[in-house]
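Structure first, then comments.
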Amino acid sequence: MAKITKIATQKRAGRYNLELDGRFAFGISENVLAKFGLMKGRELTKEEIERIKEADLVDQGLKVALNYLSPALRTEKQVRDRLKGKEIKAAVIDSVIDYLKSQQLLNDASYAKAYVQTKQVFSPKGPRAIAMELKKAGVSELLIDDALANYQEESQLAVATKLAEKIARTHRRDSTRIRQQKTAQALVQKGFSFDIATAAINQIDIASDEEDEQENAQREAEKALRRQRTGTAKERYYKVKSKLYSKGFSAETIESVLEQLDFGQDDER
């Protein structure tokens, strides 16, 4: 048996030093102090001392976990990884996780459903990308499927359409065909199916008007011509023409633009 001869506050708020038989034994939190009803003069067995020490380790781990959980929901894997990063023992981590689950502070199902809802509004993504991110966060496939069940095709199309409008604006200097391709590619990369991406593009007015298409082609042609510093005029002509075709412009637009460019005096087309 060991007798508590002194309980003194530490500089750290909520922490106390415990002296047993006149010697410093270990530090404990205020929660553990209250939980075990510790006070000066009480005698403790070796088993009680070990339980107190273990409880303090769990309490410290719990504080780390709660601080990590305070700004946002987390998965069990994310919390475990954070605790491991703090070099907390596996047994202590298990106790912390069990407590958090019992208090409904850690719930992968709730996390997955909230994540799916958030990704429909903020930083929009399709179901495939969301599923990959949830899997990476440690959520089981069963819970992922359950959460995504509420992300129906109608909602996917609405989200994808808004995203398509934004993406298309960033490619307004491209030809209509390339603009469509880049928008579709971006939507697929965001986790939407090709069918949803196509349907979203069909929902918006992505085609450039004739004047814009002409200006875009003119800009690309002049840029391509500036890069052709060698070769005959005929070679430069066909290289620029090939570049415009690769950029998705129509034959009619290309011919119109090429007629306005100066390829040199030896131009033989």
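Once mean projected area of the Cα convex hull in nm² is worked out from the coordinates, which option in (i) 22.9; (ii) 19.1; (iii) 17.7 does it equal? Here mean projected area of the Cα convex hull in nm² agrees with entry (i).
For the set 182/247; 77/113; 125/162; 11/53; 136/190; 63/89, the pairs lying more than 18 angstrom apart at their alpha carbons are 11/53.
Relative to the dominant Cα principal axis of the chain, helix 153-170 is inclined by about 60°.
Stretched out straight at 0.36 nm per residue, the stretch from residue 110 to residue 24 would grow longer than its current Cα-Cα span by 26.5 nm. Computed over the stretch 153-203, relative contact order equals 50 percent, with contacts defined as Cα pairs under 8 Å that lie 6+ residues apart. Using a simple spin-label model with pseudo-atoms 7 Å out from Cα toward Cβ, residue 132 and residue 170 lie 1.6 nm apart.
Lys and Arg at +1, Asp and Glu at -1: add these up for the other residues within a Cβ distance under 14 Å of residue 124 and post the number.
Numbers: positive: 119, 125, 128, 162, 166, 190; negative: 133, 165.
Local net charge: +4.
Rounded to the nearest 0.05, the FRET efficiency derived from the C-beta distance between residue 242 and residue 121 at R0 = 41 Å is 0.40.
What is the angle, in °, between the Cα long axis of helix 210-227 and the longest principal axis of the Cα atoms in the chain? Nearest 10 is fine, range 0 to 90. It is inclined by approximately 90 degrees.
Applying the criteria of a DSSP loop state and at most 15 other Cβ atoms within 10 Å to the trypsin sites (Lys or Arg not before Pro) of the stretch 98-188 yields 172, 173. Evaluating 6.51 cos²θ - 1.76 cosθ + 1.60 at θ = phi - 60° for every residue in the stretch 124-136, the Karplus couplings come out as x, 8, x, x, 5, 5, 4, 4, 5, 5, 5, 5, 5 Hz, glycine and proline recorded as x. A cut-off under 14 angstrom between Cβ atoms defines the neighbours of residue 2, and their net charge, with Lys, Arg +1 and Asp, Glu -1, is +2. With neighbour counts taken as other beta-carbon atoms within 10 Å, the residues 52, 204, 130 rank, fewest first, as 204, 52, 130. Using θ = phi - 60° in the Karplus curve 6.51 cos²θ - 1.76 cosθ + 1.60, the 3J(HN,Hα) couplings for the stretch 53-66 round to 4, 5, 5, 5, 4, 5, 4, 5, x, 5, 5, 4, 5, 5 Hz; x is entered for Gly and Pro. Full extension of the chain between residue 3 and residue 99 gives 31.5 nm of extra length, using 0.36 nm per residue less the Cα-Cα distance.
By the gyration tensor of its Cα atoms, with a ≥ b ≥ c the square roots of the eigenvalues, what is the shape of the stretch 213-258: rounded for a/c under 1.5, prolate for a/b over b/c, or oblate? Numbers along the way, then the final one.
On the way: a/c = 2.15, a/b = 1.70, b/c = 1.27.
Verdict is prolate for the stretch 213-258.
For the chain, find the longest principal axis of its Cα atoms and tell me its angle to the long axis of helix 90-102, 0 to 90°, nearest 10. Tilt of helix 90-102: around 80 degrees.
State, as an integer percentage, the relative contact order of the chain based on alpha-carbon contacts under 8 Å between residues 6 or more apart. Kindly include the intermediate steps, with their values, before the conclusion.
On the way: 308 pairs, mean separation 30.5, N = 269.
Answer for the chain is 11 percent.
Read-outs throughout are calculated quantities, based only on the coordinates presented, and are distinct from any laboratory measurement. All values reported here derive from a predicted model rather than from experimental measurement. Using ideal geometry, Cβ is built from the backbone for each residue, glycine included, and neighbour counts are taken over all protein chains shown.
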